[in-house]
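Undergrad: If you scroll down you'll find the structure; I have some questions about it.
The values are calculated or read from the model by the stated rules, or taken from the named source; none is laboratory data. Small disclaimer: the values here were computed from a predicted structure and weren't measured. Cβ: placed from backbone, ideal geometry, glycine included. Neighbour counts: every protein chain shown.
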Amino acid sequence: MKICNFFRNKKQTEERNVLGSQFVVYLTTYHEKISLKNIEIELLDLSFSDFILPVEIINCRIEKLKIQNSSFYDGFKFENNVLKSKFYYPEGGPNKGLFLLCGNEFYQRVSFADTFFDDEVYIKNNNFRQGSTFLSDAKTYNWKLIQENNTGDIYLDYIDFMGDGPDSNTYNEL
């Protein structure tokens with residue numbers, strides 16, 4: 001089964017004017033459990049959303065993922081997936097409940113920047129083909145990292161605001 005543009009048709013819920021620049025924010029709140037299993041997905045757009053109940057994405061093949069500015073209030077499970085695009089998760093949270101990235105194949109960089117966690121974060125058995133800068137700035141938040149048996153370059157000493165990693169010119173050292 002192939003799903004295109006999953007969660008793409010969000011309602012415009014807020015329009016903001018900041019420093020003279022007008023932009024539209026698509027904020028959506030989901031009050032139901034989201035469970036995606038064994039699906040091929042062209043675009044999974046979770047960005048600018050609050051998920052009140054658990055979100056689980058298991059055994060999926062995903063071409064493109066958008067996840068920026070999202071909050072998971074009862075956990076996020078991303079397990080045994082293949083992701084072709086970046087997993088770029090800036091300005092996320094507050095994330096409560098378990099946050100799991102387990103057994104995934106990431107073809108491009110995995111990056112977290114200015115993301116809040118308030119529970120355990122499991123990063124296990126993943127293959128980071130182009131590396132990861134996950135949790136690099138999470139030292140100031142209330143979380144516990146459990147990281148084991150991952151392959152690929154993993155950087156915890158960089159804040160990666162552009163999602164390009166420490167081998168680019170866009171990172172900031174802590």
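Undergrad: Might you let me know whether the range 90-105 holds any residue that is in contact with a Ser or Thr (Cβ under 6 Å, 6 or more places away or on another chain) and closer than 18 Å to residue 154 by Cα?
TA: No, there is no match, as no residue in the range 90-105 is in contact with a Ser or Thr (Cβ under 6 Å, 6 or more places away or on another chain) and closer than 18 Å to residue 154 by Cα.
Undergrad: State all residues of the range 54-72 that are more than 14 Å from the chain's Cα centre (by Cα) and on the phi > 0 side of the Ramachandran plot; if no residue qualifies, say none.
TA: Once the filter is applied, which keeps residues that are more than 14 Å from the chain's Cα centre (by Cα) and on the phi > 0 side of the Ramachandran plot, the range 54-72 yields only 59.
Undergrad: Those residues that are of a type outside the set (A, V, I, L, M, F, W, C) and assigned to a loop (DSSP other than H, G, I, E, B), I need them from the range 26-47; list them, please.
TA: 26, 31, 32, 33, 38, 47
Undergrad: Criterion first (closer than 23 Å to residue 34 by Cα and either crowded, with 16+ Cβ neighbours inside 10 Å or touching a residue at least 12 places away in the same chain (Cβ under 8 Å) (or both)) does residue 145 satisfy it?
TA: It is false that residue 145 is closer than 23 Å to residue 34 by Cα and either crowded, with 16+ Cβ neighbours inside 10 Å or touching a residue at least 12 places away in the same chain (Cβ under 8 Å) (or both).
Undergrad: Please find, among 49, 70, 35, the residue that is modelled with pLDDT of 85 or more, small (Gly, Ala, Ser) and surrounded by fewer than 15 Cβ atoms within 10 Å (Cβ to Cβ).
TA: Of the residues listed, the single one that is modelled with pLDDT of 85 or more, small (Gly, Ala, Ser) and surrounded by fewer than 15 Cβ atoms within 10 Å (Cβ to Cβ) is 35.
Undergrad: Please work out which residue is farthest from the chain's Cα centre (by Cα), limiting yourself to the range 99-111 and to residues that are buried (at least 22 other Cβ atoms within 10 Å of the Cβ) and assigned to a loop (DSSP other than H, G, I, E, B).
TA: The residue in question is 104.
Undergrad: Restricting attention to the range 54-67, and to residues there that are part of a loop (DSSP other than H, G, I, E, B) and under 19 Å from residue 42 (Cβ atoms), which single residue is modelled with the lowest pLDDT?
TA: Selected residue: 67.
Undergrad: Scan the range 73-98 for residues that are more than 10 Å from the chain's Cα centre (by Cα), in a strand (DSSP E or B) and not charged (D, E, K, R) and jot them down.
TA: Hits for the range 73-98 are 82, 83, 95.
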